[in-house]
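One structure is given here, and the rest of the page talks about it.
The values are calculated or read from the model by the stated rules, or taken from the named source; none is laboratory data. Just so you know, these numbers come straight off a predicted model, no measurement behind them. Counting neighbours? That spans all protein chains shown, and the Cβs are built from the backbone with ideal geometry, glycine included.
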Amino acid sequence: MSLKILCAFVLAGVALLASAASADGPDTARQLWGDFTQSPTYSHTHLPDFSWAGYGYGERDNPTPEIVADVREHGAAGDGRADDTEAFRSAIQAAKDAGGGAILVPAGRYRLTGVIHLDASNLVLRGEGPDDTTLFFEKPLEEAVHEFRSGGQSRWSWSGGLVWVGPDDVFDDDGRLREISGGWERWRNTELIGEVTEPAEQGDFEITVDGSAAGRLSVGDLVLITWQDPPDRSLLEYIGGHEVMKQAEWNRMAGTTYRWPVEIERIEGRTVTLTKPLRLPAREEWKVRLTTPGHYIREVGIERLTITFPEKPLVSHNQYAGYNGIYMHSAAHCWVRNVRIEHVDNGLLVSSVANCTFEDFVVAGRPHHHGTYSKDAHDVLFDRFRLQARSYHGINVEGLASGVVWRRGRIDHGTFDSHRNLPFDLLREQIRVNSRGSPGGASTAGPMMGRRVVHWNVEMTGGNPAWIAGPDYLPNGALVGIRGTDIYRTQNPWAMPPGEKGCIIVDHGRVPAPPSLYAAQLQRRLGPDRID
């Protein structure tokens, strides 16, 4: 958000801090949890089932594939002086030729002048620990790739990374970004598989498809189920989650398509069983279809290393040159773990990803734009993270993202950010936050939030409570165990229609039980032996 927009928001809003009260709903988190356990999957008014988030649907740990290539054996010096870019690219190609595996980056400081692109499935870039293996990127994206501007802004301000994880059709042979229909940030080049021919409820695992679709599907396929918003905006209003949301300024969101990635577990005639329950109902008026996801990658990891850049000051908002850490797109069942990212414009960015886990990472050093950025992300887990440096926005979500979970985190200077476009069914829990910074997004980009956004067991240590403890921003959401601030009420919530929206407030000022909604849901689904 620009300072001009932020000031306008502050002047327009008539806000007050109020004591916690919930007109409807349970008195304690334990009662709320009990209500959830008695509800069919995904049907609870305020709490989605977040247990499907993360690599392997939370059912298995990230793998540790064998080492098949070593950057030193491909010519990397690791002395901080020689340019090791081509050695990294050679080692990645060797791992691809071997059918996948880990690329070892032994202890050292590796000077790099171009993008390191993990562009095929089953590749893992593995260091020997963040204190021992350092990747130093000398140039930003506008020099390593090219300038990338639109509407007077640098698009590297929110996309792309010097460690780039995504399919191999993004760059031309000369290193420039390709013009891809629909944009390289999205699931793309999709083809229609078939139609969902019978109604299905939110939370169902089974759908009925036409005969042609059944014949084109195989067990294990990743598909996109798509919902089309009709002229009456009923799909967007359903995702909005509350009657008041019918008054939202939908602007360019009208007529949009929601794309939800899921794998096929079983096929019996025209009945298709999904690996996870439907996020939304299937209704005739929403033209629910199955399409291919296009070109995508899976089982790619980055682990045990530091990514760093020159210590240059942060420039004007959205004019960033692209000192960006990790960028992942068009990906499923991938991970980042035990990584430190320093002196960045943006730390960890993802778009059009499904069931990925990002854990044990730190964003440190100079001030930055986004600590994490999540666009069109679904059932993604950010776990055990810290934004140590000053963050303009903090942890971002936008673009009809759903099922995203942030947990066990600390934000030293940032906030809970939404860049509009109606993200929904989100969980932020077990986070300690010094709420400095603001949300953002274009004024035409639709509402800030959709239904069932949950803040659970969150401690605020200072700053603006609006984005942490503001029920007027969360239609049919839940504020559970919020500490360090009073509840924030406003007559004019930014990027949302005015009015009370059914958000419940439970256990204000104390640690809730269970302390982790995600862990409780995961153990309920997988059994008490599941250790989180």
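Read through the list (1) in contact with a Ser or Thr (Cβ under 8 Å, 6 or more places away or on another chain); (2) at pLDDT 95 or above; (3) within 30 Å of Y42 (Cα to Cα), then give the number of the only condition that E195 fails.
Status for E195: all satisfied but (1).
Tell me which residues, restricted to segment 215-229, are touching an Asp or Glu at 6+ places or on another chain (Cβ under 7 Å) and crowded, with 18+ Cβ neighbours inside 10 Å.
Within segment 215-229, just L222 meets the criteria.
What number of residues in segment 149-177 are over 24 Å from G294 (Cα atoms) and surrounded by 12 or more Cβ atoms within 10 Å (Cβ to Cβ)?
Step one: of segment 149-177, the residues over 24 Å from G294 (Cα atoms) are 149-154, 157.
Filter again for surrounded by 12 or more Cβ atoms within 10 Å (Cβ to Cβ), leaving 149, 153-154, 157.
Result for segment 149-177: 4.
Name the strands (runs of 3 or more DSSP E) wholly inside segment 1-90 in which the number of residues that are more than 23 Å from I239 (Cα to Cα), among the hydrophobic types (A, V, I, L, M, F, W, C) and at pLDDT below 95 is 3 or more.
On the way: elements: 15-18, 67-70, 79-83.
Where strands (runs of 3 or more DSSP E) fall fully within segment 1-90 and carry at least 3 residues being more than 23 Å from I239 (Cα to Cα), among the hydrophobic types (A, V, I, L, M, F, W, C) and at pLDDT below 95, they are 15-18.
For segment 135-142, indicate whether the set of residues that are at pLDDT 95 or above and at positive phi is non-empty. Break it down stepwise before answering.
Within segment 135-142, the subset at pLDDT 95 or above is 135-142.
Applying the additional criterion that residues be at positive phi yields none.
Looking through segment 135-142, none of the residues is at pLDDT 95 or above and at positive phi.
How about segment 497-521: which of its residues are touching a Gly at 6+ places or on another chain (Cβ under 6 Å) and either closer than 14 Å to E429 by Cα or acidic (D, E) (or both)? Even if it seems obvious, please write down each step before you answer.
Step one: list which residues in segment 497-521 are touching a Gly at 6+ places or on another chain (Cβ under 6 Å), which gives 503-504, 507, 511-512.
Listed by number, the residues that qualify are D507, V511, P512.
Kindly indicate which of G409, G414 is assigned to a strand (DSSP E or B) and either on the phi > 0 side of the Ramachandran plot or touching a His at 6+ places or on another chain (Cβ under 7 Å) (or both).
Values: G409 fails: either on the phi > 0 side of the Ramachandran plot or touching a His at 6+ places or on another chain (Cβ under 7 Å) (or both).
None of the others qualify; the one that does is G414.
List pairs: first residue in segment 230-256 and on the phi > 0 side of the Ramachandran plot and crowded, with 21+ Cβ neighbours inside 10 Å, second residue of a type outside the set (V, I, T) and in a loop (DSSP other than H, G, I, E, B) anywhere in the structure, Cβ distance under 6 angstrom, at least six positions apart or on different chains.
Close Cβ pairs satisfying both conditions: G241/G450; G241/R451; G241/P475; G241/N476.
Working only within segment 32-55, note down all residues that are of a type outside the set (S, T, N, Q) and surrounded by fewer than 17 Cβ atoms within 10 Å (Cβ to Cβ). Outline the logic, then answer.
If we filter segment 32-55 for residues that are of a type outside the set (S, T, N, Q), which is where we start, we get 32-36, 40, 42, 44, 46-50, 52-55.
Passing the criteria: G34, D35, P40.
Give me a count of the residues in segment 364-390 that are surrounded by 23 or more Cβ atoms within 10 Å (Cβ to Cβ), under 27 Å from G58 (Cβ atoms) and not β-branched (V, I, T).
Here is the first cut: in segment 364-390, the residues surrounded by 23 or more Cβ atoms within 10 Å (Cβ to Cβ) are 368-382, 385, 387.
Restricting the remaining residues to those that are under 27 Å from G58 (Cβ atoms) gives 370-382, 385, 387.
Remaining after also requiring not β-branched (V, I, T): 370-371, 373-379, 381-382, 385, 387.
Residues flagged as surrounded by 23 or more Cβ atoms within 10 Å (Cβ to Cβ), under 27 Å from G58 (Cβ atoms) and not β-branched (V, I, T) within segment 364-390 amount to 13.
Restricting attention to segment 260-273, report how many residues are under 22 Å from the mean Cα position of the chain (by Cα) and either surrounded by fewer than 19 Cβ atoms within 10 Å (Cβ to Cβ) or free of Cβ contacts under 8 Å to residues at least 40 places away in the same chain (or both).
As a first pass, look at segment 260-273 and keep what is under 22 Å from the mean Cα position of the chain (by Cα): 260-263.
If we keep only those that are either surrounded by fewer than 19 Cβ atoms within 10 Å (Cβ to Cβ) or free of Cβ contacts under 8 Å to residues at least 40 places away in the same chain (or both) as well, we get 263.
Of the residues in segment 260-273, 1 are under 22 Å from the mean Cα position of the chain (by Cα) and either surrounded by fewer than 19 Cβ atoms within 10 Å (Cβ to Cβ) or free of Cβ contacts under 8 Å to residues at least 40 places away in the same chain (or both).
Looking at segment 463-504, which of its residues are in contact with a strand residue (DSSP E or B) (Cβ under 8 Å, 6 or more places away or on another chain), closer than 23 Å to I411 by Cα, of a type outside the set (D, E, K, R) and part of a loop (DSSP other than H, G, I, E, B)?
N464, P465, G470, L474, G477, G484, T485, listed by residue number.
Every residue in segment 309-321 that is buried (at least 21 other Cβ atoms within 10 Å of the Cβ) and either in contact with a Ser or Thr (Cβ under 8 Å, 6 or more places away or on another chain) or assigned to a strand (DSSP E or B) (or both), please.
First, the residues of segment 309-321 that are buried (at least 21 other Cβ atoms within 10 Å of the Cβ): 309, 320.
The answer is Y320, and nothing else.
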